[in-house]
Amino acid sequence: MFSFALTILLDGLSYGMVLFLISVGLTITMGLMRVVNLAHGSFAMIGGYVAGYLTQHGMNFFLAVGAAVIVSGLLGAVVETTVYRPLYRKGELAQVLLTIGLVFVATAGVTEVFGAFPYNVKMPEYLTQPVDIGFRTYPAYRLFLIAVGAVVAAVLWYVIDGSILGARLRAAVDNARMARAVGMNVNVLFTGTFVVGCGLAGLGGAIGAGVMAMEPSYALKYLRLFLIVVIVGGEGSFKGSLVAALALGVIDTLGKYFFSQAASYLLYAAVFALLLWRPQGLLPAKSAA
Amino acid sequence: MSAPMALSVRGLSKNFGAISVAKSIDVDLEAGARVGLIGPNGAGKTTFVNLLTGFIRPDAGEISLGGERIEGLKAEERVRRGLARTHQINTLLTEENARDNVAIAIAEREKFAWRMMRCKPQWRQCLEEAQARLEAIGAGAIGDRRVSLLPYGQQRLLEIAIGLALKPRVLLLDEPAAGIPSSETHLIHEALDRLPADIAILIIEHDMDVIFRFAKEIIVLFQGAVLMRGAPADIAADPQVRAVYLGRTVV
Amino acid sequence: MSAPTPKPTSPLGEMTGPGRFSLVGHALPWLVIAAFYFLVDDYLGLGTQVMIWVLFALSLDLALGYAGIVTLGHAAFYGLGAYAAGIFSIHVSQDPILGHFFAIGVTALFGLLSGALILHTTGVTFLMLTLVIVSIMFEIGNQARGLTGGDDGLQGIRLDPIFGVFDFDLWGHTAYIYTAVVLFIWFVIAWRLVHSPFGRSLDGIRQNARRMRAIGTPVWWRLLAIYTISAAMAGSAGALSAHATKFVGLSVLSLLTSGVVTVMLILGGTRRLYGAFIGAAIYYIVQEWTAQISPYFWEFVVGIMLIATVLFLDGGLMELGDRGARLLGGRRRAGGGE
């Protein structure tokens, strides 16, 4: 019984870590720039496909993941400076439409290049094998996901809570106009944050492909999960997104074990109720109500 | 008992956390009153207006409009009972022309605004009244102009015209002259002089010229409480008020 | 652009707001619909589909265009309408008119209840709530196989002739005319609605909800009213689709359906009503044309169109037409430049 519970917990945590890696960039950019960004999953998808292509052509897994991060980040830089900038001044509707448009373009592009079928990221041997964790064997891959997620979370935590850069970031999330007024170069901050967010999404997409399989509909299919993490955690709240992603991972896994039929709508119903109860999310980043 | 006050406020209080922004405020306005509300920055003037109009909920206190208690009502319900306001910052419908802005308010007042099928005669009625109201305030020429293209002073006039179009019992003017270039202030002065005599008016303004020209009585608000109430001349001469405006706390 | 000089408009400018339209402009789309019936007999099915999407986009225009309710959840109403009409015909009665009214009633009720729950929120929270509602509906549609057929779709819809006379023929003549008539009725309702005082107040709420509260508008109630009407209309479109194809696929409840209808509306132009016509038609033409090049190319083109519309063309294709007309004739729409 104990080992079963622990298995579910580990499954849920590893899944949650992937959600966290992908969503953390989204939560910070949405909190910082006030943009409804529905295209974020596309960057994870592109990262996954890049890693998949490179590993299938013989490249080392870790190098391929590194390349995926770089490609996603660079693409983020291009998109932020060209199409997102004009968006900051426009309304929600424009933001929704344009970012949905980006999703369509990315989906079509990926289908055109890689085909409509699920696309495999080749993992190295030692990740695909189970390892002994004391009371049972468990897939090394899942442990790897948890480890990467934990490391990234720790680094982000240190940067956001401990560094001057993080202090600026928090100040800008709290009040962008004030930040601008005291002479912060908000444009650079925006682009930088966006690039890092997209790079992390690429990382999550690439290493998480064993949990959330790469396919052209990826960006749209998992969009609501990423958004749930952001909204439930509280826009702009890094800690909130970590808590929300892990909770979502565990709850979703639990649901699949115990109520396979009703799992998804139980989850959605819970999110629905939570949003009505606390529209600002669980751990809102804004100081003022 | 005499006729009920147009507006009567008793013990109105509000705290934001540990900060008390309204401390048991009592204010009465009789029909046709012209009262100015002044006070240094942060005295709680805007909070007071928001409490009156229902955009903020008070912690305690009573508000009566013509004898009817309204402190439990929503902002829009208070408006429908005759408590209108203008805004410090423009909140006009910028895509419409000036006349439509007024007409939409009239449609709301006349309860036409729930009519879902086109009803030309009523709408025309609204437009005609809107035009008349603009003319009454000296802004008849702007009826056809899109609000976003109007000069600022004209927009402020339009705010007042909309407030009047609601046929209020009490009208709160929140800094009607704020941000207007001095070349246009005469427009506001004239508009204020032409306000209907039977409406009780509470005007909040930084520009002392406007206040002393217009108000028959002045209330001084300081740190969320009424410091003093009196005739303009007495207020101007009062050492306490002077001290407050010079930034010294009075013991 | 210089400020327009004040000028006296037609008798007190009865309609200076959105949608001032000439008689020719009014007649044109309906003439096209009529001409299509007589001239392009082979593609009546396609024509019916386009009209259904026009109606769906029209319903979204009321909520999103006029009242400014930014939603991604309209597929829930469309899909619910389709399933309601389909299930009604299988289990209750095969009368199409009765089924249609049933579907409208069900979606209106659903719009009323869901709107009452979520319309006090705004922005991203509201958007998310609509998204979650669609997701829940999709899951229900997927898992209540006994009722909906799950991902195989709802099959076995049979219909009696309309009014006992007009049979739903294999070539889609009846479906085409039936759809055109329903579309026309809804269009007249929508047209009158947006030009009524109620419609003007919605337009005001979209521009500045705080201002409207300050003139005594019960904002929440107004939004709830238009949300319910819009839901009923979307449900009606769904019912038409179930009746015309005698099939309901699970994809009617997908997020993509919400996306597609929004694309159509934005392409054509919001707050113009006829924008829905142009948008849906263009969307279909582009889809047909690009699908010949590659099955996924249309998605790419639609994405590019969306991005371009947002960045360069705020009012959609109808705005482009207006600009063209202005360039050619040097005329301007009454009420000043947009």
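Modelled with pLDDT under 90, at the interface with another protein chain (Cβ under 10 Å from one of its Cβ atoms) and not in a loop (DSSP other than H, G, I, E, B): does that describe B:Gln131? In short, no. A count restricted to region C:241-269 and to residues that are within 14 Å of another protein chain (Cβ to nearest Cβ), in a helix (DSSP H, G or I) and small (Gly, Ala, Ser) stands at 4.
In region B:111-128, of all residues being hydrophobic (A, V, I, L, M, F, W, C), within 26 Å of the chain's Cα centre (by Cα) and part of a helix (DSSP H, G or I), the one that is nearest to C:Leu223 (Cα to Cα) corresponds to B:Cys126. For region B:90-118, the set of residues classified as at the interface with chain C (Cβ under 7 Å from one of its Cβ atoms) and of a type in the set (A, V, I, L, M, F, W, C) consists of B:Leu92, B:Leu93, B:Ile104, B:Ala105, B:Ala107, B:Phe112, B:Ala113, B:Trp114, B:Met116, B:Met117, listed by residue number.
Residues checked against (1) within 14 Å of chain C (Cβ to nearest Cβ); (2) within 30 Å of A:Gly134 (Cβ to Cβ); (3) in a helix (DSSP H, G or I):
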| position | (1), (2), (3) |
| --- | --- |
| A:Ile8 | no, yes, yes |
| A:Val24 | no, no, yes |
| A:Gly73 | no, no, yes |
| A:Leu93 | yes, no, yes |
| A:Val103 | yes, no, yes |
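The single condition among (1) surrounded by fewer than 24 Cβ atoms within 10 Å (Cβ to Cβ); (2) at pLDDT 95 or above that C:Ala82 does not satisfy is (1). Residue pairs whose Cβ atoms lie under 6 Å apart, sitting 6 or more positions apart in sequence or on different chains, and linking a residue in region B:174-201 that is at positive phi to a partner that is not in a helix (DSSP H, G or I), are B:Glu175/B:Gln88; B:Glu175/B:Ile204; B:Glu175/B:Glu205. Filter region C:190-204 down to residues that are more than 7 Å from chain B (Cβ to nearest Cβ) and surrounded by fewer than 24 Cβ atoms within 10 Å (Cβ to Cβ), then give me how many there are. Total satisfying the criteria: 3. Exactly one residue out of A:Arg136, A:Arg142 is in contact with an Asp or Glu (Cβ under 8 Å, 6 or more places away or on another chain) and not polar (S, T, N, Q), and it is A:Arg142. Checking A:Leu21, A:Leu38 one by one, the residue that is crowded, with 24+ Cβ neighbours inside 10 Å and under 10 Å from the mean Cα position of the chain (by Cα) is A:Leu21 and no other.
Scanning region A:110-160 for residues being free of Cβ contacts under 8 Å to residues at least 12 places away in the same chain and within 20 Å of the chain's Cα centre (by Cα) gives a total of 6. Here region C:76-124 is the region considered, the condition is being among the polar types (S, T, N, Q) and in a helix (DSSP H, G or I), and the residue that is farthest from the other protein chains (Cβ to nearest Cβ) is C:Ser89.
Residues are listed down the side, and each one gets a yes or a no for (1) under 27 Å from A:Ala77 (Cβ atoms); (2) of a type in the set (D, E, K, R); (3) within 14 Å of chain C (Cβ to nearest Cβ):
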{"position": "A:Gly205", "(1), (2), (3)": "yes, no, no"}
{"position": "A:Met212", "(1), (2), (3)": "yes, no, no"}
{"position": "A:Ala219", "(1), (2), (3)": "yes, no, yes"}
{"position": "A:Tyr222", "(1), (2), (3)": "yes, no, yes"}
{"position": "A:Leu225", "(1), (2), (3)": "yes, no, yes"}
{"position": "A:Gly234", "(1), (2), (3)": "yes, no, yes"}
{"position": "A:Gly255", "(1), (2), (3)": "no, no, yes"}
{"position": "A:Ala269", "(1), (2), (3)": "no, no, yes"}
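Would you call C:Leu311 hydrophobic (A, V, I, L, M, F, W, C), in contact (Cβ under 8 Å) with a residue 12 or more places away in the chain and either touching a helix residue (DSSP H, G or I) at 6+ places or on another chain (Cβ under 9 Å) or not in a helix (DSSP H, G or I) (or both)? Here the answer is no, as C:Leu311 does not meet what is asked. The residues of region B:1-42 that are touching a helix residue (DSSP H, G or I) at 6+ places or on another chain (Cβ under 8 Å) and farther than 23 Å from B:Arg78 by Cα, listed by number, are B:Ile38, B:Gly39, B:Pro40.
Checking each residue in region B:94-119 for being in contact (Cβ under 8 Å) with a residue 24 or more places away in the chain and surrounded by fewer than 24 Cβ atoms within 10 Å (Cβ to Cβ) picks out B:Thr94, B:Glu95, B:Glu96, B:Arg109.
The values are calculated or read from the model by the stated rules, or taken from the named source; none is laboratory data. No experiment lies behind these values; they were computed from the predicted model shown. Quick reminder, even Gly has a Cβ in these numbers, built from the backbone with ideal geometry, and neighbours come from all protein chains shown.
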